[in-house]
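Q: One structure, pasted below without further comment.
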Amino acid sequence: MQGVGCALSPALSTYSSGPALDTTLGTMSGELRSVEQVLEKYIPEEERREVWRLLYGRELRSLELPGCAVESASQKGFELKGYVFDAAAEQLRRPRVIRVGLIQNKIQLPTSSPVAEQVNAIHKRIAEIVEVAAMCDVNIVCFQEAWTMPFAFCTRERLPWTEFAESAENGITTKFCQEIAKKYNMVIVSPILERDELHGETLWNTAVVISNTGAVLGKSRKNHIPRIGDFNESTYYMEGNTGHTVFQTAFGRIAVNICYGRHHPLNWLMYSLNGAEIIFNPSATVGELSESLWPIEARNAAIANHCFTCAINRVGTEHFDNEFTSGDGKKAHHDFGHFYGSSYVAAPDGSRTPGLSRVCDGLLISELDLNLCRQTNDKWNFKMTGRYEMYAAELDRAVAPDFQPNIVRE
């Protein structure tokens, strides 16, 4: 690909002997930086390899990354990690090796700053991180959910938050992404708050997929909208209407399962049945609500669907001037809580990378051999042994108004 040339840094050790290429120094007061850091600190070295295997599956190699990328990430204050998912050599197919990049980041300005200034500041920050991704020969990069704005949907206020909404086809963010896609020969997955100008300016939570040629390949809207605690997002948009679209890119078939859709196993399944080899899950979720679920769901989806999954979560605590309530009896508050980052990649064989930091901006790069999808399918046969015709018939009955559960009683 057209990247930024520079010398490679020395090869890194496998993650069984410690976290790879952590270039960020600062932490957030009161927040644990990462589970991996704690395990690295307290597990004796002679036991560490087996612990990592039990937690993360097979041992992954750390990715050899350019020295200039390491230096740039350090100077610009974000974490940089890289791992390799190998597949077995085949006789009839060549390896299908690509690199994906996952970006997690904090908002750059206070939520009370002018809308245009907030958007421009985040564009600038993402441009810095994508440049490092290009140095590392990343082919596909995905940003976090609603990446151009604060996650303001908790407030249920209209202004100024609806002003962040843009056209998926010709908005300023899509144009920004088209430029960097062409510049770096990179597919961009850009989740935004979409303003659908052709349909009454309806708002959607949408991921725009931009080809490495710079063309808008299409868009995928969020299928499942949460109604839990502060996450009452149907104030802004309803369930998406684009179904389970899969995009054929120059680097493989990808899909985008936005945030809350990760809690729905059938949502992952439908993307897989439509041929997805990589399913991205751009998210915005906070610790108290979901952190114990986070390491499980995308990894389980990779296993169940014989594909790679990429879970991305924003970081930081976003403060809003006006208090809001959750409708759960708790006191009014000014923030959601802490967005815990921890972005990771999982493979169809059940292996996964360690997560990025819980508190820092970061770029996680994973080199994937897509041949692993078919190889795992041939081993486990979940799609061959799945009883889809039975499930479909029973689901059809279950959604009927006169449905009666199939329960045998004495």
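Q: With every protein chain left in place, what is the accessible area per residue of the chain in square angstrom, probe 1.4 Å? Numbers along the way, then the final one.
A: Details: 18070 Å² over 410 residues.
On a per-residue basis, 44 Å².
Q: Please figure out what share of the DSSP beta bridges in the chain is antiparallel and state it in percent, rounded to the nearest 5. Please report the intermediate quantities before stating the final value.
A: Values: 39 of 62 bridges.
Antiparallel bridges make up about 65 percent of those DSSP assigns within the chain.
Q: Using θ = phi - 60° and the Karplus form 6.51 cos²θ - 1.76 cosθ + 1.60, what ³J(HN,Hα) does each residue of the stretch 175-180 get, whole Hz, x for Gly and Pro?
A: Whole-Hz 3J(HN,Hα) from phi for the stretch 175-180: 5, 4, 5, 4, 5, 6.
Q: Moving to a separate point now. Run the dipole for the stretch 281-410 about the Cα centre, Lys and Arg Cβ at +1, Asp and Glu Cβ at -1, nothing else charged, and hand back the magnitude in debye, nearest 20.
A: On the way: 12 positive and 18 negative charges, 79 e Å.
My answer is approximately 380 debye.
Q: Given the options 399, 359, 209, state which has the largest fluctuation in a GNM of the chain using a 10 Å cut-off (strictly under) for Cα springs.
A: It is 399.
Q: Which distance in nm do the two modelled labels at residue 374 and residue 248 give, with both placed 7 Å along the Cα-to-Cβ direction?
A: 1.5 nm
Q: Residue 92 to residue 112: FRET efficiency via 1/(1 + (r/R0)^6), r the Cβ-Cβ distance, R0 60 Å, to the nearest 0.05?
A: So the FRET efficiency works out to roughly 0.50.
Q: Applying the Karplus parametrisation 6.51 cos²θ - 1.76 cosθ + 1.60 with θ = phi - 60° to the phi angles of the stretch 267-284, what ³J(HN,Hα) value in whole Hz is obtained for each residue in order, glycine and proline being reported as x?
A: The phi angles translate into 5, 4, 4, 5, 4, 5, 5, 7, x, 5, 9, 9, 10, 8, 10, x, 9, 8 Hz.
Q: Among the listed pairs 124/331; 183/219; 76/330; 41/81, which have their C-alpha atoms separated by more than 28 angstrom in this model?
A: 124/331; 76/330
Q: Could you state, as a whole-number percent, how many of the C-alpha pairs of the chain are farther apart than 33 Å? Write out the running numbers ahead of the final one.
A: Working: 25869 of 83845 pairs.
Counting every Cα pair in the chain, those more than 33 Å apart make up 31 percent.
Q: May I ask you to derive the relative contact order of the chain, considering only C-alpha pairs under 8 Å and at least 6 residues apart, and to give it as an integer percent?
A: That works out to 19 percent.
Q: Enumerate the amide H contacts of residue 219 below 5 Å, restricted to partners 5 or more residues apart or on another chain; note that Pro and chain-start residues carry no placed amide H.
A: Sorted by chain and number, the residues that satisfy this are 209.
Q: Taking all pairs of distinct Cα atoms, average 1/r, flip it, and tell me the Kirkwood hydrodynamic radius of the stretch 237-314 in Å to one decimal place.
A: 12.7 Å
Q: Just to be sure I understand the model, the point goes 7 Å from the Cα along the line to the Cβ. What's the resulting residue 322 to residue 39 distance in nm?
A: Result: 4.4 nm between the two label points.
The values are calculated or read from the model by the stated rules, or taken from the named source; none is laboratory data. The shown structure was predicted, so the numbers you read here are calculated from the model rather than taken from an experiment. We place every Cβ from the backbone using ideal geometry, glycine too, and count neighbours over all the protein chains shown. Only protein heavy atoms, including side chains, enter the accessible area calculation; ligands, DNA and RNA are left aside. Shrake-Rupley method; radii C 1.70, N 1.55, O 1.52, S 1.80 Å.
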